[in-house]
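Below is one structure, written out as structure tokens; comments come after it.
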Amino acid sequence: MTPLGAQSGAPAYANFEPSQTNPIRISADGTRLFAVNTANSSLSVFDVTTPSAPKLLVEVPVGLGPVSVNPLSDNVAWVVNQVSNSISVVSPLAGSWSNGGIVTSTIYLKVPLQPLTSGMSGGEPMDVVFAGGFAYVSVSRAHEIAVINTSTQVLQSTIQLFGDSPRAMAVSPDGSTVYAALALAGNGTTLIPNTNAPPQCGTAGQPQCVPAMNPALPPPPIAGLIVLASNPTWNPSFITYSMPANGVAAIKTGASPSLSYYSYVGTINLGLAVNPVTGDLYVANTDALNLTNFQPNLCGHWVNNRITQIKVATGAITPFDLNPSFTYANSCAPNTADLSTALAQPAGVVFDPSGNFMYVAAFGTDRVAKVNTSGTVLGFVDVSLHPTNPAQVDPANKRGPRGVALNAAANALYALNRIANTISVISTSTFNSVSSEIAVGTDPTPAAVKAGRGFLYDAKLSGTGTGACASCHIDSEMDHLDWNLGDPTGDMTSFVQDGITFLYHPMKGPMFTQPLRGLQNLAPYHWRGEKPNLAAFNVAFQELMGGTQISDANMTTFTTFMDSVLYLPNPNQNLDRSLPTSLDGGDPVAGLADFLTVAATEPGPATCQSCHTANPGPGTNLLIRPADDTQAQQPMKVPQLRAIYQKNLFDRSAASTIDGFGVVHDGPKSDMISFLAGAAFDGYTQTEKNDIAAFCLAFDTGTAPAVGYTITLTAANVASFLSDWNLLQSQAPTNIDLIGRGTLGGVVHGLLYQPSSNNYISDTGVLYTQSALQSLIAAGDTLSMMGVYPGTGAASTN
């Protein structure tokens with residue numbers, strides 16, 4: 001396959017916007033604080049023998065996109081790297097962190113092209129916990145838990161989960177059960193397609209809209225209907241499947257492990273903690289209100305922010321609203337009282353040893369709350385720059401607490417701020433303010449990118465402080481839900497493309513949340529293409545979020561940030577960016593050929609490539625198709641295909657399904673095979689359909705699979721990894737820059753591979769051949785070779 005060009009040029013800094021899960025943890029003896037520096041792809045180790053004044057001992061380069069860390073001992077930490085699909089095992093040099101640190105081994109968690117074989121597909125690990133001599137790793141894209149022997153670092157087994165994106169993990173007090181929160185659990189909603197649903201309100205013979213529909217509007221387009229899968233009106237007459245909406249998986253450890261689930265815990269589950277006394281679970285989550293139709297009815301309140309209690313003895317599940325006093329009356333306008341106390345997008349959770357209360361990081365509103373086991377908020381600390389004005393809206397200086405670590409004996413709480421890349425130190429004895437704020441470590445994030453990040457995540461931009469853009473676009477991704485954000489009170493709008501005027505009805509019907517990645521040069525935006533640029537979304541801050549529109553200057557800053565966000569590699573491609581020959585019942589290699597050459601009957605005759613530009617390309621020609629040329633009966637932009645591999649969890653024909661929405665703008669089709677069953681593809685053979693569907697699952701995202709791939713070379717394994725090393729060299733400079741980090745003659749250094757001369761230059765300017773490096777490794781040095789995004793290698797080795 002011809003390599004796809006970079007999504008946004010060749011940046012000096014590649015922003016993959018990784019999803020921090022448990023980014024900060026403290027050693028068992030309370031003397032060391034371990035914090036991932038996601039921006040710098042490194043681990044920071046702090047001396048906290050003086051708890052109120054953490055002292056940075058070392059920054060250790062790890063894989064790309066570190067999102068979690070867990071110390072196996074005081075001197076060994078396991079770092080989970082989402083982009084690199086790996087665990088970096090980090091140890092101090094010469095037995096002391098004061099002497100520096102190094103990655104001593106890398107555990108790869110995805111099937112590569114070369115010798116490592118884990119038996120897994122997918123990738124993107126998110127968290128790790130330890131129990132009974134084993135590490136349990138949540139591998140989100142594979143929907144699996146990897147069980148790894150901590151002594152041998154060999155994969156023991158994998159546990160397949162019936163749920164979407166396991167992330168945060170915890171262990172029962174006796175070590176007998178490992179828990180994994182399924183981040184994108186959903187809420188049991190699914191779609192009645194527009195071919196089966198009744199017409200939208202306002203059509204003759206149907207109930208009128210609430211609110212009433214603008215009488216000047218023409219009849220709305222036929223659209224689907226969002227319902228609970230258990231809705232007796234549709235189940236079992238039309239909906240023949242169930243949706244368990246599994247929120248937490250419970251894995252019994254030991255010789256005969258078992259697997260069970262807790263369902264309907266929350267829609268988006270980002271944090272998980274176990275009460276150290278009772279063993280009960282507490283899940284930080286948001287609950288989506290996507291069963292409520294129309295933007296005016298959702299304005300200022302489209303998610304609830306909660307802690308859900310799970311009593312393990314009885315299985316009882318009880319959600320507690322973190323903002324219980326909010327009435328949301330007139331929520332489509334800023335409310336100072338609500339903004340001053342709101343707790344939005346709860347993420348990290350840590351319990352006090354007493355078991356009486358927990359600390360919760362409210363990522364969306366820059367607060368760390370103290371919450372008792374009945375869900376009552378006992379107080380909170382504002383970690384923003386405006387603690388004296390807690391309603392202050394200041395996205396450019398947002399902190400974004402994502403994880404918390406507690407030294408209860410020393411009355412010290414540490415909150416890692418994802419956006420500011422800092423750690424807030426809080427005294428739990430007073431719990432009324434931040435005593436100090438320190439940098440996690442080196443931050444290479446460009447100022448323009450950092451300044452715009454807060455606009456995606458800041459819930460104070462909403463009227464009530466309870467939701468942000470990222471409430472649905474989770475870490476710039478998607479919540480895997482449909483939303484009907486039509487507006488019965490709205491007006492017709494239009495957009496002109498290539499001299500053609502397209503008219504848009506404000507009653508657009510249900511639409512699937514789209515990822516906010518790879519947006520640069522992809523305008524016009526949204527499913528219908530009615531947004532000519534990102535600035536056209538500014539109105540959503542007011543009409544959906546209930547706040548006020550941001551200034552043109554801030555919108556430009558926000559756009560700069562959004563344009564920087566890249567797709568992660570497609571885990572279904574081979575490491576050398578070639579396509580596999582077998583995937584999900586088809587042949588992607590043959591599928592690519594069919595994609596480029598076999599013509600469909602509608603709107604053609606035309607090949608898939610004619611509209612879904614590929615090889616290279618994002619999967620869309622950016623053109624809008626007229627209403628009479630779409631199944632939606634309204635104009636639709638040709639959609640891109642770079643995230644199709646993430647939308648394969650809906651199965652309308654199964655007895656039970658994980659997701660309730662699939663492909664196409666509102667998700668009525670289970671997968672690409674179902675989509676290709678349409679009349680437009682009657683000229684395709686079934687083999688061609690299977691192959692094209694398989695190709696779409698391996699569609700290039702714009703980031704090569706070798707980006708992030710890491711091998712840690714020691715005297716014991718350098719010979720067996722030589723083919724992997726050579727393959728990484730072959731991928732530079734087209735698909736990656738290749739860097740090396742580790743020791744040279746016992747001293748920590750960085751290396752950059754120079755393909756033109758086939759050698760490596762160190763951070764001190766010394767040149768090494770591959771053979772010379774092999775000799776150093778054989779003599780006792782340790783080097784980790786890693787592919788990074790093209791153009792970022794020089795900065796990554798400094």
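Annotations for the structure displayed:
- Rounded to whole numbers, the Karplus 3J(HN,Hα) couplings from phi for region 759-773 are 9, 10, 10, 8, 5, 9, x, 7, 9, 9, 8, 4, 5, 5, 5 Hz, using 6.51 cos²θ - 1.76 cosθ + 1.60 with θ = phi - 60°, and x at Gly and Pro.
- Solvent-accessible area per residue, Å², over region 291-349 with all protein chains present [probe radius 1.4 Å]: 40
- Over every Cα atom in region 229-307, the radius of gyration and the widest Cα-Cα span, Dmax, amount to 16.8, 54 Å.
- The fraction of all Cα pairs in region 505-555 landing in successive 10 Å bins from 0 to the largest distance is 20, 52, 27, 0, given as whole percents.
- For the set TYR645, TYR504, the ranking by accessible area, highest first and with no ligand, DNA or RNA atoms included, is TYR645, TYR504 under a 1.4 Å probe.
- Note: relative contact order over region 658-762, using C-alpha pairs below 8 Å and six or more positions apart, is 13 percent.
- Heavy-atom accessible surface of the chain: percent carbon and sulfur, 1.4 Å: 54
- Solvent-accessible area per residue, Å², over region 18-118 with all protein chains present [probe radius 1.4 Å]: 28
- Within the full protein context, the accessible area of THR278 is estimated at about 80 Å² for a probe radius of 1.4 Å.
- Highest mean packing comes first when the peptides 92-102, 186-196, 421-431 are listed by Cβ atoms within 10 Å, giving 186-196, 421-431, 92-102.
- Net charge of the neighbourhood of ASP394, taken over other residues with C-beta under 11 Å away and scored Lys/Arg +1, Asp/Glu -1, is +1.
- The distance linking region 87-110 with region 690-721 is 23 Å (Cα centroid to Cα centroid, whole angstrom).
- Counting only residues at least eight positions apart within a chain, or on another chain, the lysines with an alpha carbon under 23 Å from that of LYS508 are LYS531, LYS637, LYS647, LYS669.
- Over region 426-560, relative contact order from alpha-carbon pairs under 8 Å, at least 6 apart, %: 24
- Cysteines in the chain that, by Cβ-Cβ distance, have no pairing candidate under 4.7 Å: CYS469, CYS472, CYS608, CYS611, CYS696
- Among 531-542, 588-599, the order from most to least packed when residues are scored by Cβ within 10 Å on average: 588-599, 531-542
- ILE438 sits with roughly 40 Å² accessible to a 1.4 Å probe, with DNA, RNA and ligands left out of the calculation.
- Residue-normalised accessible area of region 640-739, expressed per residue, 1.4 Å probe, Å²: 29
- Percentage, to the nearest whole number, of Cα pairs in region 257-378 over 22 Å apart: 36
- Rel. contact order, % - alpha carbon contacts under 8 angstrom, at least six apart, the chain: 12
- Cα-based Kirkwood hydrodynamic radius, the chain, one decimal, Å: 26.9
The values are calculated or read from the model by the stated rules, or taken from the named source; none is laboratory data. Please read these numbers as outputs of a predicted model, since none were measured by experiment. Neighbour counts are summed over all protein chains in view; Cβ atoms, including those assigned to glycine, are modelled from backbone coordinates with ideal geometry. Heads up: the accessible areas ignore ligands, DNA and RNA and are worked out on the full protein's heavy atoms, side chains in. Shrake-Rupley method; radii C 1.70, N 1.55, O 1.52, S 1.80 Å.
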